[in-house]
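Working notes, structure below.
Derivation of every value follows stated rules applied to the coordinates shown; laboratory data play no part. Treat the numbers as computed from the prediction; the structure is a model and nothing was measured. Using ideal geometry, Cβ is built from the backbone for each residue, glycine included, and neighbour counts are taken over all protein chains shown.
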Amino acid sequence: MTSELAMVVAVLAPLAGAVLIAASHRHPNRRETATLATAVALFILVLPLLEPVMAGERPGTTLWEIIPGISISLEAEPLGMVFALVASFLWIVTSVYSIGYMRGHHEENQTRFYVCFAIAISSAIGVAFAANMFTLFIFYEVLTLSTYPLVTHHGTDEARRGGRTYLGLLLFTSIGFQLLAIVWTWSITGTLDFTVGGIFEDKVSPTLIGILLLLYMFGIGKAALMPFHRWLPAAMVAPTPVSALLHAVAVVKAGVFTVLKVTVYVFGIDLLADVHAKDLLLYVAAFTIIAASLIAIREDNLKRRLAYSTVSQLSYVVLGGMLVNEISVIGGGMHIAMHAFGKITLFFCAGAILVAAHKTNVSDLDGIGRVMPITMFAFLIGALSVIGLPPLGGSWSKFLLALGAARSDQYVFVGVLMLSTLLNVAYLLPPVVRAFFLPPPNAPGQHISFNEAPLACLASICVTAAGSVLLFFFADPLYVLLEPIVITTR
Amino acid sequence: MRHHVILRVIAKLGIPFIVLFALYVQFHGDFGPGGGFQAGVIFGAAFILYALIFGLDNALKVAPMNLVITFIAVGLLVFAGVGVARQVSRLRRARRQFRRRTASRHPARRARSRDHGRRGHDRDLLHLRGPGPVAVEFLIGHYNYWIFIFLMMLGFYVVVARGNLVKKIIGLNIFQASVFLLYISIGKVLGGTAPIIIDGGGPVTYSNPLPHVLILTAIVVGVATTALGLSLVIRINEAYGTIEEDEINDMDQEP
Amino acid sequence: MIAAHYAALQVVAPLIAAPLCVLLRRGIPAWLVTVAISWIALAIAIQLLIQVLATGTISYELGGWAAPWGIEYRVDSVNAFVLLIVSGISAVTAPYAHKTVVKEIPEDRHYLFYAAYLLCLTGLLGIAITGDAFNVFVFLEISSLSSYVLISLGSERKALTAAYQYLVMGTIGATFFLIGVGLIYAMTGTLNMADIATRLDAVENTRTVLAAFAFITVGLGLKLALFPLHLWLPNAYAYAPSAVTVLLAATATKVAIYTMLRFVFTLFGSDFALDVTFLAEFLMALALVGVFAASITAIFQNNVKRMLAYSSVAQVGYMLLGVSFFSVTGLTGGIVHLFNHAMMKGALFMALGAVFYRLGSVHIDRMRGLGKQMPLTMFAFVLGGLSLIGLPLTVGFISKWYLILAALERGWWPIAGLILLSSLLAVAYIWRVVEAAYFRDPATHHPRATEAPPALLVPTWILVLANFYFGIDTSVTVGIADNAAKVLLGSGG
Amino acid sequence: MAFLVIIALAIMRLRNLFGVVMLSGIYSLLMASVFVILDAVDVAFTEAAVGAGISTILMLGTLALTTSREKVPMHTPLLPLVVTFVTGAMLVYGTWDMPAFGDAAAPPNQHVAPYYLERSLAETGVPNVVTAVLASYRGYDTLGELTVIFTAGIGVLLLLGRRREKAATKPEAGDGGS
């Protein structure tokens, strides 16, 4: 199979899987086999692409030209590869996890759940492999829409409200700002193809570039820059696997991924160096990092706390992009992968606690580590990775980001990163501390009636936790992979 | 009404004459004013008169419902058929009558552009009266138009302001009639006569026939609208028990 | 031989079929005739379009009388496209009509219904194809009268008042139009459109022509539901029988817009419209206000048909917005939206018709939980809704793309932003329905509905798929629209 | 002409609908005579038959089935007044540049019309030019006109088909055309 074909099939495979899943809605076993099989098939499709991309090839294909100059095209390049690999690998893990979770939780509408899940992954892969801004936008929107039913899954008033916020904000930003920016870009340059070094050249004034940059950055609502971050906590009404995969990996990472893509391939980091709007964005990102962390400290609901943590972490990537030097951009790209593994571990743990112990609040976690040691240990690993301590993956990306900030003589942001690390500690470690070191509430006559989470959940948690560790030792290939996106600009 | 002896007698005597007159109008249409449509209307009026006076059941005996429906449809078909037949026959005679042209703007005019200004005016020499001094001549020249405007405004006002559904339709009629007046005024030539050519056309000044044609069509359209509007009013009256707009609105709000 | 007569056949075929329907006296044969004629009309429209694109403008002299004296049918790429839209929608709606008509209209009137349907089609096609200003009026009345009738057949009594309201406003509109034509005639002495266009140049700056322009614009504005003149539309669409709503919503306003384009660009010329009048600014303001006002009103409607009717008013705003740019891109956007909106509104109203067929109501509360009871119908509705919102890969996106591009070309980026913001309002009202259908439990006291019959689903899905097909392969629609825009502007002189 | 205005005003004021209908009949007759003065004999004929005849009868029929008193409108007619005056003003403005009434040299009497007057007899063999134009040159308008009547006929049938009384009267109006 050629690389081109593999890409197309990779986008279509989950869709075919979705059809299969829908077709077997009366047979839960068959349905879940279909889910798993598709997930594995997808990863097998994506993995071989790595080799040619590492070798410097850029396999690409145009599927359809909609308007002259605007086409649906796919292309594999390093940044996309990272995203695609992470997403497709974590889908396998999440599939295993969600089977355990959904059954353990006796959820309704499971078929709809798996179908939408598959469509969401398909569009995430589409985002990863998009060869131009238009294609990316299409998959970006499909991703929004296909995850909406997942967020609103429970159909309660709260879920509907959360869904409305989710959809409203994401569509508002993407249609209101991003699309405008895209059309505008097209009307200026006549192309939307992702090109190393950007597509604007010297066609427009810095002011206009600034306006466009702001439109893009705020238009990518999935990157959750304040003040458009509200959808992320709102989306936490979703079942945990959704929060885990979609709101730690697919959706939010599609957002920051797009941020990096736009920075590198639409504007080009050289062009952005002189644009003042990026400084504004830097401060917005820094503010988001700090503010979201502060909110996270005060959140008692574990999932919401993690959500605000995600908001904060996402801005790392934006920060990396807006610092516009090679190292910070690579650091941002690596952070996509590192944070994905770390955060998904945390969400899995939160879900496992919910399934096994029916607890959602941090303050209820006292002593739970004695009953669920594996879960809570994995939580610790995930937390440390997100905080950025060696020997865990998160430390590399944070290091590179700080280094990038220093390179640009923007020491303020080095400070921001340090401060945020401290805040991370402040909100991520207390659950662990409570779980292991505080005695369980000893209400008389109350027995601890729960155990570790279902096996499927536990296994997935271990895989992702181990992944966080492994990424620390194998960060170099990632660096090498990402290097070309900035090197060739010089 | 059907109990009045006088009415019945007069009607019985009158209806044959009306029908006869209708036939006259029908077949004399080529030469004098009138024609098929007017004749039909007169004929129809005679029939309605019959229905009003002798009761509907009797009328239906004369013309059963199905027959009426069939007549309507056949009538239209005959006319359309004549049109099509004519089209085909003309085409056979002069095939080049049908021309497909590229998008040049005025092929037709160029092709047929002949000087046919008997009165010696160049066609493109347009006489424009500027706003100029409001002379008596100007007043007289536009008097008709202003009457038309006033009537139009009256009719329009009745339509918009009145809540009674029947009155609205009457307003529409006045409104439309005023427009007819506008058209006919446009076509009038001072000193002209009705455009019926006598003796193969002599040096007589005729008024412009085209607006007359248009208005004939428009009148018919108007009466069709009226008929439809009135039947809607009847149905509304059945459904709501009133034909006052405000009351209907209130009733729609409540349920 | 036949090919030469396509232009005439386009109108005459349904015209002759209408009395035939009456003579048939039976619902089902009349329906079959209607379907056959609709398809024939579509085939003819496609043929005409191909001819026009290949050889340029077609002129056809009816009765063999040459143009300024007789009546001429004149087909260029603009109205060929409109013909295609009208006959295409009719070709899909006619098969759809049968089931709904059986459900909604007493049986002894079916054949009359189809006759009226065909007449409406005749009128719409006639308006689009004719090259004679007065003839437009005649066909306008044919289509209007038949649509009054069709609307009044709705199953609620409000349908009657809606039809009456439409009758009064429609007649005022037509009469305004007639006044305008009369004034033009007074200044030019001709009724042939092409002829008027040349002769009008000489008298362009007179007040009479200006008044004529104003009257024609307002008259047509009434017909096409330009924002403050749209009052008849929501009720008319909401209470008409399902099939009628589909036909009217997808075609009637389009034809009126076409007529406006024809008059503004071909007859008066874009220079006149731009320099002498304030049409561009006027239209743009009205269109934008209309888009927002109507969309916001739509959000608060509980009758979903009415909601979509208000959305139609908003969508008309988009089309006029495209026109008001007076540029090739803007016009392309406006014209292609004629087509695209026909696709999406057709699909949406058809899906609603299927809901009405099963539930007997399209109230939003009754539609709770329908996502499970009528999955295919509701999914069609969702997809149509996405197209209405303008998400990529749907036709709605293509229209928006061109409109925004046109705004940016002029450097009016706030307007581009407004266009985008307004489409978010569409999200709001469409999503009310989606939430009700998918994420609310059905009220228990209502019987469960089952999926709509295939006779309704198939046409619905044809239109839904068309939404996507023409959203991906735009070469046909945008190509023709672009051509049409150039024809309009090029001949504007 | 002045009579026309007076009657129109009376129609507006009068609340007895029977009276209004009668007045509108008279109005149509007057209109017809104006048409005769303006040389439009055919139009006059039609207006008399249609306006004074059929329309009046139709309206009487309607009134017989509904009610004959108009009620006082509840809302103030300010907006309609404004709308009407704006329209009227626009028209007055428009007439300013119109050719004077009865001017033989005005464009409408110059361009197409003379052709009909000169050639219709030769080409169609019908001395009444109006009829000639109606049936030949603009025959398709007339076809359309018939279609309109047909539509109205169908409409009335559809609306009132079950009700015996109207069903017999209305289609007659349609039948008259064919």
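Residues with beta-carbon under 10 Å from that of C:SER242, excluding C:SER242: net charge, scoring Lys, Arg +1 and Asp, Glu -1?
Neighbour charge sum, excluding C:SER242 itself: +2.
Only loop residues by DSSP count here, and only those with at most 16 other Cβ atoms within 10 Å; note down the trypsin sites (Lys or Arg not before Pro) in the stretch A:205-311 that meet that. Walk me through the intermediate numbers first.
On the way: sites: A:LYS222, A:ARG230, A:LYS253, A:LYS261, A:LYS278, A:ARG298, A:LYS303, A:ARG304, A:ARG305; in loops: A:ARG230.
Answer by residue number: A:ARG230.
Would you compute, from DSSP H runs of 4+ residues alone, the mean residue ellipticity of chain C at 222 nm, taking -39500 (n - 2.57) per run and dividing by the full residue count, rounded to the nearest 500?
Per the formula, -25500 deg cm²/dmol.
Could you work out the mean count of beta carbons from other protein chains within 10 Å of each residue's beta carbon in A:176-187? Walk me through the intermediate numbers first.
On the way: counts 6, 2, 1, 11, 9, 0, 3, 12, 6, 1, 4, 8.
Mean number of neighbouring Cβ atoms from other chains: 5.
Based on the Cβ-Cβ distance from C:PHE282 to A:ILE290, what FRET efficiency comes out when R0 is 45 Å, to the nearest 0.05?
Once the sixth-power term is evaluated, E becomes 0.35.
Which of A:MET7, C:MET350, D:MET22 comes first, and how do the rest follow, when ranked by fewest Cβ neighbours within 10 Å?
Going from sparsest to densest Cβ surroundings: D:MET22, A:MET7, C:MET350.
So for A:CYS462, A:CYS457, A:CYS116, fewest C-beta neighbours within 10 Å to most, what's the order?
Ranked by crowding around the Cβ, least crowded first: A:CYS462, A:CYS116, A:CYS457.
If we sort A:411-418, C:117-124 on the protection proxy, mean other Cβ atoms within 10 Å, highest first, what's the order?
Numbers: A:411-418: 16.6, C:117-124: 30.2.
Final packing ranking: C:117-124, A:411-418.
Highest mean first, how do C:435-442, B:230-237 rank when packing is the count of other Cβ atoms within 10 Å averaged over residues?
B:230-237, C:435-442
Positive end of the charge dipole of the stretch C:315-415 (Lys, Arg +1 and Asp, Glu -1 on Cβ, about the Cα centre): tell me which of C:PHE326, C:PHE339, C:LEU383 has its Cα farthest that way.
C:LEU383
What is the average number of partner chain Cβ atoms found within 10 Å of a Cβ in A:349-361?
Neighbouring Cβ atoms belonging to other protein chains average 0 per residue here.
When you look at the Cβ of every residue in A:138-146, what mean number of other chain Cβ atoms sits within 10 Å?
Per residue, the number of nearby Cβ atoms from other chains is 2 on average.
Along the principal axes of its C-alpha atoms, what lengths does the stretch C:1-143 span, in descending order and rounded to whole Å?
Between the extreme Cα coordinates on each principal axis of the stretch C:1-143 lie 46, 28, 25 Å.
For chain A, what is the convex hull (Cα atoms) projected area averaged across all directions, in square nanometres?
Mean orientational projected area (chain A, Cα hull): 21.2 nm².
In a shell of Cβ-Cβ distance under 13 Å around A:ILE220, excluding A:ILE220 itself, what net charge do Lys and Arg (+1) and Asp and Glu (-1) give?
Value of the local net charge: +2.
List the lysines whose Cα lies under 22 Å from the Cα of C:LYS372, skipping any in the same chain that are fewer than 8 positions away.
C:LYS305
Note down the magnitude of the dipole of the stretch A:65-160 about its Cα centre, charges +1 on Lys and Arg C-beta and -1 on Asp and Glu C-beta and zero elsewhere, to the nearest 20 debye. Display every interim value, and only then the final one.
Numbers: 3 positive and 8 negative charges, 44 e Å.
For this selection, approximately 220 debye.
Give me the orientation-averaged projected area of the Cα convex hull of the stretch C:378-493, in nm², one decimal. Could you put the intermediate results ahead of the total?
Details: hull surface 40.1 nm².
Projected over every direction and averaged, the Cα hull of the stretch C:378-493 covers 10.0 nm².
So, in Å, what gap is there between the alpha-carbon centers of the stretch A:368-413 and the stretch C:114-164?
One Cα centre to the other: 70 Å.
Output the Kirkwood hydrodynamic radius of the stretch C:278-493, Cα pairs only, in Å rounded to one decimal.
On the way: mean 1/r = 0.0568 Å⁻¹.
Evaluated on the stretch C:278-493, it is 17.6 Å.
Quick one: putting +1 on the C-beta of Lys and Arg, -1 on the C-beta of Asp and Glu, what dipole do you get for the stretch C:64-194 around its Cα centre, in Debye to the nearest 20?
The dipole of the stretch C:64-194 has a size of about 260 debye.
Net charge near A:LEU323: determine it from the other residues with C-beta under 13 Å of the C-beta of A:LEU323, scoring Lys and Arg +1 and Asp and Glu -1.
-1
Just rank A:GLU326, A:GLU158, fewest to most, by other beta-carbon atoms within 10 angstrom.
Going from sparsest to densest Cβ surroundings: A:GLU158, A:GLU326.
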